[in-house]
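Each reported figure results from applying straightforward, stated rules to the coordinates on display, with no laboratory input. All of these numbers come straight from a predicted model, not from anything done at the bench. A quick note on method: Cβ atoms are made from the backbone with ideal geometry, for glycine too, and the neighbour counts reach across all protein chains shown.
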Amino acid sequence: MRYTVILEKGREGGYVALCPALPGCVSQGLTRNEAMDNIREAAEVYLEALQEDDLPIPEETGREILDIEVA
């Protein structure tokens with residue numbers, strides 16, 4: 001499965017990664033790669049928990065990533 005991840009620089013350094021299609025699935029890391037590895041692991045654990053509880057697995061559909069410019 002593929003999910004969008006939003007990666008932002010942390011306020012005090014490092015990076016924060018979140019997966020909007022999986023509510024509450026957030027992780028962090030000191031580097032981009034570490035944050036991406038951590039969010040991948042968090043998403044895997046999240047999905048495993050859903051499966052164990054016989055809950056539906058979210059599918060990401062209809063998402064667009066766009067940039068806007070404001071004055």
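The residues LEU66, LEU22, LEU55, when put in order of fewest to most other Cβ atoms within 10 Å, stand as LEU66, LEU55, LEU22.
P(r) tail for the chain: Cα pairs beyond 16 Å make up 53% of the total.
Each of PRO23, LEU50, ILE68 was placed along the dipole of the chain (beta-carbon charges, centred on the mean Cα), and the one lying farthest toward the positive end is ILE68. Among residues other than CYS25 with Cβ under 13 Å from its Cβ, the summed charge is -3 (Lys and Arg +1, Asp and Glu -1). Using Cα pairs closer than 8 Å and at least 6 residues apart in sequence, work out the relative contact order for segment 6-52, in percent. RCO, segment 6-52: 28 percent.
The calculated FRET efficiency for MET1 paired with ILE68, based on their beta-carbon distance and R0 = 25 Å, is about 0.30.
Given R₀ = 25 Å, what would the calculated FRET efficiency be for GLU12 paired with ASN33, taking r from the Cβ atoms and rounding to 0.05?
Numbers: r = 19 Å, r/R0 = 0.76.
It comes to 0.85.
For the chain, the dipole from Cβ point charges (+1 on Lys and Arg, -1 on Asp and Glu) about the Cα centre works out to 320 debye, to the nearest 20.
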